[in-house]
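Asks: I'd like to ask you about the structure that follows.
Each value in this text was obtained by applying a stated rule to the coordinates, not by laboratory testing. Small disclaimer: the values here were computed from a predicted structure and weren't measured. Counting neighbours? That spans all protein chains shown, and the Cβs are built from the backbone with ideal geometry, glycine included.
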Amino acid sequence: MLAIKKDHILPQRYLKMSQADIIEAIKKRKLFYKEKLLILAHHYQKDEIVNLADSVGDSLELAKIAKANQTAEHIIFCGVHFMAETADMLSNNHQKVYLPDAMAGCSMADMATLKQLEIAWSRLSDKIVGNIMPITYINSSAAVKAFIGDHQGVIVTSGNAEKILKRALSDNKTVLFLPDQHLGRNTAYHLGVKLDEMAVWQPKREQLIMSEKQSEIKVILWQGRCCVHQQYTTNQIKALRQLIPDLRVIVHPECPLEVVLAADDYGSTKKIIDVISQSPKGSKWAIGTDNNLVNRLINKLPEHQIVSLNPSAFSCLTMNRIHLAHLLWTMDEIEIGSERQVIKVNSEIAKSSLKALDRMLG
Ligand code: 13P
Ligand code: SF4
């Protein structure tokens with residue numbers, strides 16, 4: 001859980017500026033820094049942030065961009081805390097990574113602490129016969145990633161979970177998948193793992209929940225979830241299909257299994273964008289993921305008929321903490337050499353995490 005310090009609160013002077021003035025000031029600073037400054041934005045960011053970013057992507061794409069970039073001395077990450085940490089670990093020593101709002105965490109990542117993981121690991125190692133391979137979703141803290149790196153584990157994103165989990169299962173490993181039970185369950189299910197070959201680890205109760213018919217445990221799912229993706233249901237899919245003939249539904253794998261099964265397709269934010277943009281004009285789509293992205297697609301692809309699976313769903317609250325004013329404030333802090341928004345992972349933790357990140361990126 002992130003703690004807010006007083007000096008991390010946006011100064012009043014930015015609140016007095018008009019949006020147009022803020023945008024102009026940001027553009028001016030971008031021109032000044034040129035390739036020495038890189039602004040990265042996740043697809044769930046607000047339109048006004050996405051419009052000013054140098055690169056926009058899903059978690060996997062942004063991690064790759066941060067690793068490949070050699071020229072930017074300053075990387076401003078408009079996303080959430082674990083993304084900025086990952087970018088810091090993947091970038092070079094001379095590069096600094098900034099998170100414009102220190103409170104932009106991820107509630108799912110907070111559902112797996114290092115302490116909880118250590119307890120789970122020791123309990124499960126006593127219980128499970130054979131090797132357990134830990135796999136963490138990139139939506140986890142650097143400390144959790146470090147544990148994974150030190151225990152021969154690997155990191156996945158929603159864009160590569162299937163490929164990496166497939167490899168682990170073909171090595172006959174029992175997989176501990178954290179922190180998102182839904183990404184783990186959806187991916188394992190589509191790889192042919194039966195539901196009664198999966199168990200759930202409850203970190204708060206320190207308990208393994210198995211089905212009555214449990215034969216062999218192939219995957220242990222950590223009981224974490226994304227609050228945004230719990231807002232999509234099979235009833236919404238049913239209702240929209242009745243209303244719109246020939247509708248196709250695509251959802252993010254952080255949605256529960258029954259929703260993924262009721263949809264026509266599922267995938268990372270990049271996959272959702274690719275599938276819809278490459279579909280014929282006039283295609284009808286309902287999307288089950290963050291509404292900032294859905295509304296952007298509705299506006300960008302007017303020749304497709306796109307609706308949100310749940311138009312009244314709230315967008316990710318922490319992603320939305322980043323406003324244009326935070327971006328400008330970060331640039332101003334860079335200008336005066338302040339490190340207020342810098343995200344720096346401890347070097348020992350980074351070294352261990354990188355083992356797991358490198359296994360993912362190959
Ligand atoms: P992707 O960027 O991998 O699609 O994940 C979405 C998400 O919830 C990021 O926190
Ligand atoms: Fe975390 Fe969900 Fe927000 Fe992604 S959308 S940052 S998983 S809370």
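Asks: When a footprinting reagent is the concern and you count Cβ atoms within 10 Å, what order do Phe32, Phe147 take, fewest first?
Replies: Phe32, Phe147
Asks: Pick out the long, greasy-scoring helices in the chain: whole DSSP H runs spanning 18 Å or more along their own axis by Cα, mean Kyte-Doolittle at least -0.5.
Replies: Span-like helices, by this rule, are 19-33, 347-361.
Asks: I would also like to ask the following. If amide hydrogens are placed 1.01 Å from N in the peptide plane, which non-local residues have theirs closer than 5 Å to the one on Val175?
Replies: For Val175, whose amide H was placed from the backbone, the distant partners under 5 Å are Met133, Val219, Ile220.
Asks: For a quick check: with amide H placed at 1.01 Å from N, whose amide H comes under 5 Å from Ile306's, ignoring anything fewer than 5 positions away on the same chain?
Replies: Those qualifying (amide H under 5 Å, at least 5 residues apart or on another chain) are Trp285.
Asks: Distance from the Cα centre of region 294-328 to that of region 113-148, in angstrom?
Replies: About 34 Å separates the Cα centre of region 294-328 from the one of region 113-148.
Asks: Using Cα pairs under 8 angstrom and six or more residues apart, how large is the relative contact order of region 103-209, in percent?
Replies: This gives 29 percent for region 103-209.
Asks: Normalised by the number of residues in region 186-321, what is the relative contact order in percent for Cα pairs under 8 Å and 6+ residues apart?
Replies: Relative CO of region 186-321 lands at 20 percent.
Asks: Would you give the gap between the C-alpha center of region 253-282 and the C-alpha center of region 16-81, rounded to a whole Å?
Replies: The two parts, judged by their Cα centres, are 26 Å apart.
Asks: Which shape class, rounded, prolate or oblate, goes with the chain when its Cα gyration tensor gives a ≥ b ≥ c as root eigenvalues, a/c under 1.5 marks rounded, and past that a/b bigger than b/c marks prolate?
Replies: Here the chain falls in the oblate category.
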